Amino acid sequence: IYLPRLNMNAAVYFNGELLGDGGSFEQPLGRNWSRPMYFKIPGGIWKAGNNLVEIRLRSDAGVGVLAPVVVGEHRLLSPRFEQAYFIQIHLTASLFIVTLGTSLFFFVIWLKRRNDNQYGWFALTAFFWSFFSLNNSIHTLPVSAFTWDWLIFSSIAWWTTSLAIFVHRYIGFRQTLIETALIGYAVLAMLL
């Protein structure tokens, strides 16, 4: 049984037997919103005639999603699942490491060349983007769901702000009022 997309967590039963789940059904929920799920059905629980697939879905109010469920032979479904898992989880995690490394690299450059502050702004831009992208591959939250969501939404506000200021510095455009407004936007977004 292949679940290509869901929000936020699921448990799959076949003829009343639990095949598996995606983690916690209590807050903070197991985060599977960008994670495909795959479950093998043991041969001993198949019945002649009709078989029943039941899926318990748990999400935050108003955002539950369950894409069409695919049931089929392991040899046909496994490659689809493996490809989706690689792209959505492994590749995303790799990009997180690359962007975080880029952030650290440009931060070190900025430490050596403090007058060229576009390097510092680019380091911040890459850092906030890497933190935001971590949301795609994290499964178990290290903090409450509310705190995590606040951190993610705040990182978006700071990413856009630091990106805009980096571009300003890169092209030699200095507009204190605009940049102050951008920072004010990020602070206000965090408070809201």
Degrees separating the helix 92-112 axis from the principal Cα axis of the chain, which is the longest one: 10 degrees
Inter-part distance where the range 126-192 and the range 66-111 are each reduced to a Cα centre, Å: 22 Å
Gyration tensor verdict on the range 66-175 (Cα atoms; rounded if a/c is under 1.5, prolate if a/b is larger than b/c, oblate otherwise): prolate
Cβ-derived FRET efficiency at R0 30 Å, Leu91 paired with Asn51, nearest 0.05: 0.30
Assigned charges on the beta-carbon of Lys, Arg, Asp, Glu; the chain dipole about Cα centre (debye): 440 debye
Once the Cα gyration tensor of the chain is diagonalised, semi-axes √(5λ) in Å: 44, 18, 12
Cα-Cα separations in the range 1-45 greater than 17 Å, expressed as whole percent: 33 percent
Cβ charges +1 (Lys, Arg) and -1 (Asp, Glu), total dipole of the range 68-172, debye: 380 debye
Relative contact order %, the range 1-141, counting alpha carbon pairs below 8 Å whose residues are six or more apart: 28 percent
Order of exposure, largest accessible area first, which applies to Tyr170, Tyr185, Tyr85 with probe 1.4 Å: Tyr170, Tyr185, Tyr85
The chain, helix-only ellipticity at 222 nm - DSSP H runs n ≥ 4, -39,500 (n - 2.57), divided by all residues, nearest 500: -17000 deg cm²/dmol
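The values are calculated or read from the model by the stated rules, or taken from the named source; none is laboratory data. Everything numeric in this text was worked out from a predicted model, so none of it was measured. Note: ideal-geometry Cβ built from the backbone for every residue, glycine included; neighbour counts use all protein chains shown. For the accessible areas, the whole protein counts, side chains as well, though only heavy atoms, and no ligand, DNA or RNA atoms are used. Shrake-Rupley method; radii C 1.70, N 1.55, O 1.52, S 1.80 Å.
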